[in-house]
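Take a look at the structure set out below.
The values are calculated or read from the model by the stated rules, or taken from the named source; none is laboratory data. Since the structure is predicted, the reported quantities are computational estimates derived from the model, not experimental observations. Cβ placement follows ideal geometry from the backbone for every residue including glycine, while neighbour counts extend to all protein chains displayed.
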Amino acid sequence: MNLTTELRPGIDQVGYVDYNVRDFHSYDTRLGATYNAYLIRDEKVALIDTVKAPFAAQLKRNVASLVDLEKVDYLVCLHAELDHAGALAAMVEACPNATVVCGAKCKDALEGFFDVSNWKFQIVAPNESLSLGKRSLTFVPVPMVHWPESTVAYMPEEKILFSNDAFGQHLATSERFVDECDVAKVFEEAKSYYANIVAPYGRQVLNVLKAASGLDIELIAPAHGLMWRDRFGELMEAYAAWASGTYAPKVLVIYDTMWQSTELMAEEIYAGAVEQSQKIAKENPGAPRLDVQLMHCRKTTLTRLAAEALDAGAIAFGSPTLNAHLMPSVASVLAYFQGLKFREKTSVAFGSFGWGVGGPEAIQKALADLKYPALTEAPIKAKQRPDAEALAKCREAGANLANAAWERYLGDKK
Ligand code: FEO
């Protein structure tokens with residue numbers, strides 16, 4: 001099969017829609033993914049980015065359906081990560097007259113991945129333009145969004161921003177443009193992508209948004225998912241909010257459980273937060289409702305936990321004690337959040353124990369490492385089954401988390 005989509009006369013999407021990928025180095029791609037590559041046929045022929053290595057043959061077929069591979073002049077590499085550069089070696093081999101065009105840092109990374117001794121390179125400087133004839137590409141480095149060599153390319157004549165990972169989503173669909181799909185779903189996946197891939201680099205993202213605001217854009221063509229033909233304001237606003245860590249009115253209760261004791265505590269914290277959110281709603285008619293979510297971390301993927309945590313103002317983490325430590329599922333969430341560097345959240349640690357100590361205490365320490373202010377100096381604990389006193393403490397903590405999340409939300413509104 002070959003399947004391409006025309007963006008403009010002589011500019012086509014020639015990448016691969018991967019309906020079957022379910023794990024993208026731990027990212028839960030339950031809706032699949034795409035690896036977008038763009039072919040520009042002008043006086044010169046340029047291919048922007050490639051696909052994952054296993055789909056190189058598909059990329060070659062798509063390109064060859066539009067142009068003789070010997071006529072490809074440039075293989076542009078905006079990002080050396082292998083979901084985009086994985087098929088580059090195959091394309092270098094298939095396109096004997098092509099020169100690889102990239103920044104100096106990208107060349108360094110490519111040298112680490114491939115034997116490039118026979119590759120022809122043209123290194124482009126920041127903001128340098130490459131003429132393709134009637135159209136041109138200007139290369140703008142966007143370091144750490146999300147690798148050091150990450151670059152976007154702007155085509156002023158067509159007002160197209162080839163944004164690589166920025167503004168992408170992991171979503172396999174038969175449509176290629178956001179406006180042809182369920183837009184709310186696309187934004188949800190864009191947010192998940194941001195939270196899981198780009199979140200540690202919020203400051204750099206804000207710089208990119210500033211630079212992009214000066215460009216006249218009619219089409220954003222990312223390297224993953226659907227292309228944006230409109231809603232630029234909404235998209236930039238959403239990215240700015242995610243990059244700034246703007247709080248939504250939201251509380252998460254994240255936990256694991258062995259014999260349902262920690263689960264009883266989690267449910268009580270949840271109930272306390274919901275009850276308080278109902279009071280807040282009554283006192284603030286017309287205001288957004290506080291969203292409270294109960295999330296069992298062996299039944300919820302890390303990807304979803306991160307997407308929900310990005311803008312939460314308060315989180316409770318619970319684990320029973322297992323071998324004088326916390327449960328591995330909870331440990332992995334805390335470790336994942338450590339790397340994602342979300343903005344601080346008011347937090348509480350809780351959990352049950354039998355004869356040993358370690359689970360809730362390890363969470364309390366992890367919260368301090370995350371620099372999430374804790375509601376209580378010590379975790380809320382229960383021996384075997386939580387008694388009425390422990391459950392009352394949980395209920396109170398839930399209400400306090402709701403208040404804290406509401407205050408954080410209001411603070412950002414000012
Ligand atoms: Fe889609 Fe950073 O690669």
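List of remarks:
- The set of residues from region 128-175 being within 13 Å of the ligand (Cβ to nearest atom) and either acidic (Asp, Glu) or not assigned by TED's automatic domain parsing to the domain that holds residue 226 (or both) comprises 149, 165.
- Residue in region 252-274 that is more than 16 Å from the ligand (Cβ to nearest atom), surrounded by fewer than 19 Cβ atoms within 10 Å (Cβ to Cβ) and either closer than 16 Å to residue 188 by Cα or outside the structural domain of residue 299 (by TED's automatic domain parsing) (or both) present: no
- Considering (1) outside the structural domain of residue 301 (by TED's automatic domain parsing); (2) surrounded by 16 or more Cβ atoms within 10 Å (Cβ to Cβ); (3) of a type outside the set (A, V, I, L, M), the lone condition that residue 381 does not fulfil carries the number (1).
- The set of residues in region 1-43 being in a strand (DSSP E or B), in contact with a Leu (Cβ under 8 Å, 6 or more places away or on another chain) and among the polar types (S, T, N, Q) consists of 13, 34.
- Taken over region 61-85, the criterion of being part of a helix (DSSP H, G or I), more than 16 Å from the ligand (Cβ to nearest atom) and over 18 Å from residue 99 (Cβ atoms) is satisfied by 61, 62, 64.
- The set of residues in region 122-137 being surrounded by 17 or more Cβ atoms within 10 Å (Cβ to Cβ) and not aliphatic (A, V, I, L, M) consists of 135, 136.
- Qualifying residue in region 288-303 (condition: in contact with a Cys (Cβ under 7 Å, 6 or more places away or on another chain) and either more than 17 Å from residue 255 (Cα to Cα) or of a type in the set (Gly, Ala, Ser) (or both)): no
- The condition of being within 12 Å of the ligand (Cβ to nearest atom), in a loop (DSSP other than H, G, I, E, B) and at pLDDT below 95 does not hold for residue 224.
- Screening residue 200 against (1) modelled with pLDDT under 95; (2) away from the ligand (no atom under 14 Å from the Cβ); (3) out of contact with any Ser or Thr (no Cβ under 8 Å at 6 or more places or on another chain) leaves a single unmet condition, (2).
- Among the residues listed as 46, 57, the single one being in the same structural domain as residue 113 (by TED's automatic domain parsing), away from the ligand (no atom under 15 Å from the Cβ) and assigned to a helix (DSSP H, G or I): 57
- Test: residue in region 227-248 that is assigned to a strand (DSSP E or B) and out of contact with any Ser or Thr (no Cβ under 6 Å at 6 or more places or on another chain): yes
- Flag for residue 193 being away from the ligand (no atom under 14 Å from the Cβ), of a type in the set (Ser, Thr, Tyr), in contact (Cβ under 8 Å) with a residue 12 or more places away in the chain and crowded, with 21+ Cβ neighbours inside 10 Å: no
- Those residues of region 296-321 which are buried (at least 21 other Cβ atoms within 10 Å of the Cβ), out of contact with any helix residue (DSSP H, G or I) (no Cβ under 6 Å at 6 or more places or on another chain) and assigned to a strand (DSSP E or B), in sequence order: 315
- Residue in region 93-113 that is of a type in the set (Phe, Trp, Tyr), surrounded by fewer than 17 Cβ atoms within 10 Å (Cβ to Cβ) and either within 16 Å of the ligand (Cβ to nearest atom) or over 17 Å from residue 221 (Cβ atoms) (or both) present: yes
- Single match in 140, 152, 178 (criterion: surrounded by fewer than 24 Cβ atoms within 10 Å (Cβ to Cβ), on the phi < 0 side of the Ramachandran plot and in contact (Cβ under 8 Å) with a residue 24 or more places away in the chain): 140
- Cβ-Cβ under 6 Å pairs, at least 6 apart or on other chains, region 94-120 side over 26 Å from residue 145 (Cα atoms), far side part of a loop (DSSP other than H, G, I, E, B) and at pLDDT 95 or above: 95/72; 98/72
- Residue, farthest from residue 158 (Cα to Cα), within region 18-50, restricted to residues that are surrounded by fewer than 23 Cβ atoms within 10 Å (Cβ to Cβ) and of a type in the set (A, V, I, L, M): 21
- Beta carbons closer than 8 Å, at least 6 apart along the sequence or on distinct chains, pair a first residue in region 196-213 that is within 12 Å of residue 339 (Cβ to Cβ) with a second that is of a type in the set (S, T, N, Q) for 196/303.
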